[in-house]
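Have a look at the structure below before the remarks.
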Amino acid sequence: MTVYSGNIRKMRASAEQNGEVEYALPIGDQLINMNPLIGSQVGVEFNQMINCVHCHSKTKKSFNQGYCYRCLMTLAQCDTCIIKPEKCHYDQGTCREPSWGEENCLNDHFVYLANTGTVKVGITRHVTEGVSSRWIDQGATQAIAILRVKNRLLSGLAETAFKQHIADKTNWRAMLKGQPEQIDLVALREQLFGAVEMELDNISSQYGLQAINLIDVPAVNIQYPVMHYPEKIKSINLDKELQFEGTLTGIKGQYWMLDQDRVINMRKYSGYDMKITTSV
């Protein structure tokens, strides 16, 4: 048996195009390689201490998956415009942290389509080796980048146009229910381009011809280390159930799947101080 302890962070995840996702869970100053644990026993105990993932101060309650209230109200990365990028207010001089905005928002972004059990539109900053970590975090089994835009504001405006025709949220229960049916994302991309052509032209007219660029790349497939999908999902709440154990049957998105159809969103508990035991 191996024992790990400390504050956890969201799982690190990476995958080459059409390859299986590799997961690692940061805990304290260690990393737990998760893929080798599939099929083995794991135990988790929450020590009832939470530290902010940014300032590390103790907090009784976690906000936005790991922040204390002060950081929630002061950090640019916790502002409303992160969830709704079309509300970016950097150009109005009211960004909470202009230097953070310049580094993270005033650079190229991608608009994408992803199959997460249902097809959705979204935005991401990075597509490394053809695969974005955001697609993995959402449990997408297929994804395709369709637009490259100059900044976060423009990605939000473009996404808003697409949202009139396609969802922008992940149904996490549908995502965890199993392997979804394959969808022709290239054909869907062309269909959506026709539907939003006028809106994209209006954005280009306002922000310049190079503000939005259509990109022609193939869709990618993403595989997850899953032995068994739950039939009837039972979500574990660590704030109420301070400890649990069982067989780890799979990982998808930021969720652990365990025997007895139990699942837990590990990202939700970023900053929680835990003791994790593994049988290998």
Counting just the residues of region 167-206 that are part of a helix (DSSP H, G or I) and of a type in the set (S, T, Y), which one comes out farthest from E20 (Cα to Cα)? S205
Please list, ordered by first then second residue, the pairs with beta carbon atoms under 7 Å, 6 or more apart or interchain, first in region 92-107 and surrounded by 14 or more Cβ atoms within 10 Å (Cβ to Cβ), second assigned to a loop (DSSP other than H, G, I, E, B). C95/H89; R96/L75; R96/D79; E97/L75; G101/C95; C105/C88; C105/N151; L106/N151
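Of all residues being outside any strand (DSSP E or B) and more than 16 Å from the chain's Cα centre (by Cα) in region 1-25, which is nearest to S62 (Cα to Cα)? Just the residue, please. Break it down stepwise before answering.
Start the filter on region 1-25 by keeping residues that are outside any strand (DSSP E or B), which leaves 1, 9-11, 15-19, 21.
Restricting the remaining residues to those that are more than 16 Å from the chain's Cα centre (by Cα) gives 1, 16-19.
Working: M1: 30, E16: 33, Q17: 34, N18: 35, G19: 34 Å.
Here the residue is M1.
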Among the residues in region 121-135, are any in contact with a helix residue (DSSP H, G or I) (Cβ under 9 Å, 6 or more places away or on another chain), at pLDDT 95 or above, surrounded by 18 or more Cβ atoms within 10 Å (Cβ to Cβ) and among the aliphatic types (A, V, I, L, M)? yes
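May I ask you to verify whether M257 is touching a helix residue (DSSP H, G or I) at 6+ places or on another chain (Cβ under 9 Å) and either aromatic (F, W, Y) or not assigned by TED's automatic domain parsing to the domain that holds D108 (or both)?
It is true that M257 is touching a helix residue (DSSP H, G or I) at 6+ places or on another chain (Cβ under 9 Å) and either aromatic (F, W, Y) or not assigned by TED's automatic domain parsing to the domain that holds D108 (or both).
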Based on this model, can you work out whether Y224 counts as crowded, with 17+ Cβ neighbours inside 10 Å, of a type in the set (F, W, Y) and on the phi < 0 side of the Ramachandran plot? yes
Condition check: in contact with a strand residue (DSSP E or B) (Cβ under 9 Å, 6 or more places away or on another chain) and on the phi < 0 side of the Ramachandran plot. Does D79 satisfy that? no
Name the residue that is farthest from G156 (Cα to Cα), counting only residues in region 74-91 that are surrounded by 14 or more Cβ atoms within 10 Å (Cβ to Cβ) and in contact with a Leu (Cβ under 8 Å, 6 or more places away or on another chain). C78
Filtered residues of region 244-271 (kept if in a strand (DSSP E or B) and hydrophobic (A, V, I, L, M, F, W, C)): F244, L248, I251, W256, M257, L258, V263, I264
Taking region 184-209 and keeping residues modelled with pLDDT of 95 or more, surrounded by fewer than 16 Cβ atoms within 10 Å (Cβ to Cβ) and hydrophobic (A, V, I, L, M, F, W, C) leaves V186, A187, F193, A195, M198
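The values are calculated or read from the model by the stated rules, or taken from the named source; none is laboratory data. On a predicted model such as this, the values are computed, not experimentally measured, just so you know. Heads up, the Cβs are rebuilt from the backbone with ideal geometry, glycines too, and the neighbour counts pull from every protein chain shown.
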